[in-house]
Amino acid sequence: MTNQQQSSKALNISLWIAQVFVAAIFIWAATSKLFQPIEKIAAMWPWTGEVPSLMVRLLGVVDLLGGLGLILPSLLRIKPRLTAYTAIAIIALMVCASIFHIARGEAAVIGFNIFMAAIAAFIAWGRLKQ
């Protein structure tokens, strides 16, 4: 195996690890937002008790689509470029979430959003490169 093939294989493995990691977090967040009572979710994320419940549920759908969009296109090899586009959408979502938290005076919690955006940027870069 050539050095370039090894590098490409290592990149692909790293991308899959990143995709599964981010997808798992998004699908977990989605199931929480979609299926748990708002009071229980608000104990974890206080903002969910202060916005309309419909918004929380819709964000759960967005999270679910993001999680599935990171895995299914590449896994099924049906329009795998959608994985990169999903990662770009996740970056946009994390920017919006950061702005939302800053506006609420919760700037201390945006580290997670920045971390997820950085991993999504890696996924987008890697999948668009291939």
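Every number in this text was worked out from the coordinates using simple rules, so none of it is lab data. Not measured: the values here are computed from a predicted model. A quick note on method: Cβ atoms are made from the backbone with ideal geometry, for glycine too, and the neighbour counts reach across all protein chains shown.
Taking the Cα centre of the stretch 3-129 as reference, the dipole from Cβ charges on Lys and Arg (+1) and Asp and Glu (-1) amounts to some 560 debye. Once you reduce the stretch 84-130 and the stretch 6-81 to the center of their Cα atoms, the two points are 12 Å from each other.
As a calculated quantity, the FRET efficiency between V62 and L11 at R0 = 25 Å, using C-beta atoms, amounts to about 0.35. The modelled label-to-label distance between E39 and I88, using points 7 Å beyond Cα along the C-beta direction, is 4.4 nm.
Cross-link partners for K40 among the aspartates and glutamates, with Cα-Cα distance under 17 Å and sequence neighbours closer than 8 places in the same chain left out: E50. For the chain, the mean residue ellipticity at 222 nm estimated from helices alone is -28500 deg cm²/dmol, where every DSSP H run of n ≥ 4 contributes -39500 (n - 2.57) and the total is divided by all residues, rounded to the nearest 500. For a straight C-alpha distance cut-off of 29 angstrom, the lysines reachable from K9 (same-chain residues fewer than eight places away being disregarded) are K79, K129.
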